[in-house]
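Written below as structure tokens is the structure these notes are about.
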Amino acid sequence: MFSEGVIKSAQQHAIDSYPRESCGLVVAGSYIACENVAADPTKTFVIADAVSLEYAGRIQGVLHSHCNGPPWPSSSDMRQQIATNVPWGVIATDGIQAWGPWWWGDQVPIAPLIGREFRHGITDCFALGRDWFRLVKGITIRDQPRDWNWWFTGQNLYLDGFKERGFKEISVGELRVGDAILFHIRMPGTPKGVPRFPNHCGIYTGNGQILHHLVDRLSRHDSVGPWISHRTNCLRYVG
């Protein structure tokens, strides 16, 4: 994405700022360290409006750190990235070392569909479905900012707004290439009483195969047969 110099500078800034979240901008191929003016900089970050205005129109990327993790964006991070329309990166640090950045946003090159490592909000099953549509169909499905463990809190990531994203529900007997299959996978630690709703998706790619990405595996094709008992819904993009 950006030069090794940008990465090293941002990582060092993250270490030096700990336990406050660091934040900075990529401008003209260089990292610009910014002051975190958030009310509680140990939990979030804010770049002063005056700084953003100073570099308006020239910002190539936004970087910030997560102290002691997690190494993925929050839903707030994802919303702000969409609003700025430039790549964002997150760095994890313990104050001694720094890891990353991990970049996300539709401006970031799409990772190969097969063999991805799972990273929530960046390369998860929702992202894999979106990227299949972008690469194979040339269609950009609106993203959905999401927090880790959304499936524990009763949020319905896949069914809330699926019509507005251009999908309609179909029966499993109607499946054809490009249809989305939604599943409910029982996750360890799920609180009792959480309703059964879809928390995983795959794209049907024909010949009884789905492309999907589970938390503990690389993205891959699988036979749909073993997963059919977990199916909740099937969706088709109709524009």
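Since every read-out is calculated from the coordinates, none of them should be taken as a lab result. None of these values were measured; they are calculated from a predicted model. Positions of Cβ are backbone-derived with ideal geometry, glycine not excepted, and every protein chain shown enters the neighbour counts.
Overview of results
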| read-out | value |
| --- | --- |
| Net charge contributed by nearby residues that have their C-beta within less than 14 Å of residue 115 (K/R +1, D/E -1) | +1 |
| Semi-axes of the equivalent ellipsoid for the chain, Cα gyration tensor, largest first, Å | 35, 19, 16 |
| For the range 1-126, the Rg and Dmax computed from alpha carbons only, in angstrom | 13.7, 43 |
| Theoretical ellipticity at 222 nm over the chain - DSSP helices of four or more residues, -39500 (n - 2.57) apiece, nearest 500 | -4500 deg cm²/dmol |
| Whole-percent pair-distance distribution, where bins are 5 Å wide, for the alpha carbons of the range 55-183 | 2, 9, 17, 21, 20, 15, 8, 4, 2, 1, 0 |
| Residue-count net charge about residue 90 - beta-carbon cut-off 10 Å; Lys, Arg +1, Asp, Glu -1 | -1 |
| Gap separating the Cα centres of the range 35-83 and the range 127-189, nearest whole Å | 27 |
| Equivalent ellipsoid, the range 95-160 (semi-axes from 5 times Cα gyration tensor eigenvalues, Å) | 21, 19, 10 |
| Of the GluC sites (Glu not before Pro) in the range 91-191, those whose Cβ has at most 10 other Cβ within 10 Å and which sit in DSSP loop | 164 |
